[in-house]
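Asker: This is the structure, below, for whatever I ask next.
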Amino acid sequence: MSAIIIAVLVLATASTGALFKPGEWYQELRRPSWTPPNWAFPVVWSILYLAIGFAGWLVWEAQGMGLAIALWLAQLVFNAAWSWLFFGRKRMDLAFVDVCLLFLTIVAFILTAAQVSQMAALLFLPYAAWVATAATLNRAVWRLNPDAAPA
């Protein structure tokens, strides 16, 4: 039953990417030359969401509700909020704050989960790397397009 609940939570988080898509607004923004190709985002996120779900399940099975699961749930909230802030609201500034909080929550989960499940902590390392890249990209796009956000 816990695996089903975790899968539903992860799918709900992932669905924000489908609800708030890049669209025409994003396509018109200036982006740095090192921006990953469009096809990479759904591929990478699909793999990461599987790892996020499995890591959450490992920690839940090992410990149940505790600090690691609270951090796991918090990172889902920050993760879901980013697409809404960046693509939905077109608030690159608030999205940057959100993605920084997401990164910090991921790191806190890694440190906390490592005491419960080494595998869960390891599963979050690629996620941390991708989110650090996403934060850097968010900041770069924001700097390249200072007037692109709605007033």
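Asker: In the stretch 17-55, which residue that is farther than 22 Å from Leu123 by Cα and outside any loop (DSSP other than H, G, I, E, B) is least open to solvent (accessible area, probe 1.4 Å)?
Answerer: Taking the candidates together, the pick is Tyr26.
Asker: So in the stretch 90-114, with the set limited to residues that are touching a residue at least 40 places away in the same chain (Cβ under 8 Å) and at negative phi, which one is surrounded by the fewest Cβ atoms within 10 Å (Cβ to Cβ)?
Answerer: Here the answer is Asp93.
Asker: Please list, ordered by residue number, the helices (runs of 4 or more DSSP H) wholly in the stretch 69-146 having 3 or more residues that are within 22 Å of Ser15 (Cβ to Cβ).
Answerer: Because the criterion is at least 3 residues that are within 22 Å of Ser15 (Cβ to Cβ), the helices (runs of 4 or more DSSP H) in the stretch 69-146 that meet it are 92-113, 125-144.
Asker: Could you run through the stretch 115-136 and say how many residues are under 11 Å from Phe103 (Cα atoms), touching a Leu at 6+ places or on another chain (Cβ under 6 Å) and polar (S, T, N, Q)?
Answerer: 0
Asker: Looking at the stretch 56-68, is at least one residue assigned to a loop (DSSP other than H, G, I, E, B), hydrophobic (A, V, I, L, M, F, W, C) and open to solvent by 30 Å² or more (accessible area, probe 1.4 Å)?
Answerer: Among the residues of the stretch 56-68, at least one is assigned to a loop (DSSP other than H, G, I, E, B), hydrophobic (A, V, I, L, M, F, W, C) and open to solvent by 30 Å² or more (accessible area, probe 1.4 Å), which makes the answer yes.
Asker: Which of the residues belonging to the stretch 119-147 are open to solvent by less than 40 Å² (accessible area, probe 1.4 Å) and in contact with a Lys or Arg (Cβ under 7 Å, 6 or more places away or on another chain)?
Answerer: Of everything in the stretch 119-147, those that are open to solvent by less than 40 Å² (accessible area, probe 1.4 Å) and in contact with a Lys or Arg (Cβ under 7 Å, 6 or more places away or on another chain) turn out to be Val141, Asn145.
Asker: Working only within the stretch 20-63, note down all residues that are under 18 Å from Gly88 (Cα atoms) and aromatic (Phe, Trp, Tyr).
Answerer: Selection gives Phe20, Trp25, Tyr26, Phe41.
Asker: Further, regarding this structure: Considering each residue of the stretch 18-33, count those that are without any contact (Cβ under 8 Å) to a residue 60 or more places away in the chain and among the hydrophobic types (A, V, I, L, M, F, W, C), and give that number.
Answerer: 1
Asker: What pairs can you find where one residue is in the stretch 1-17 and without any contact (Cβ under 8 Å) to a residue 40 or more places away in the chain, the other is small (Gly, Ala, Ser) and crowded, with 19+ Cβ neighbours inside 10 Å, and their Cβ atoms are less than 9 Å apart, with a gap of 6+ or different chains?
Answerer: So the pair list comes out as Leu11/Gly53; Ala14/Ala80; Ser15/Ala80.
The values are calculated or read from the model by the stated rules, or taken from the named source; none is laboratory data. These numbers were taken from a predicted model, which means no experiment stands behind them. So basically every Cβ, Gly included, is an ideal-geometry build from the backbone, and we count neighbours across all protein chains shown. Note: accessible area is taken over every heavy atom of the protein model, side chains too, but ligands, DNA and RNA are not part of it. Shrake-Rupley method; radii C 1.70, N 1.55, O 1.52, S 1.80 Å.
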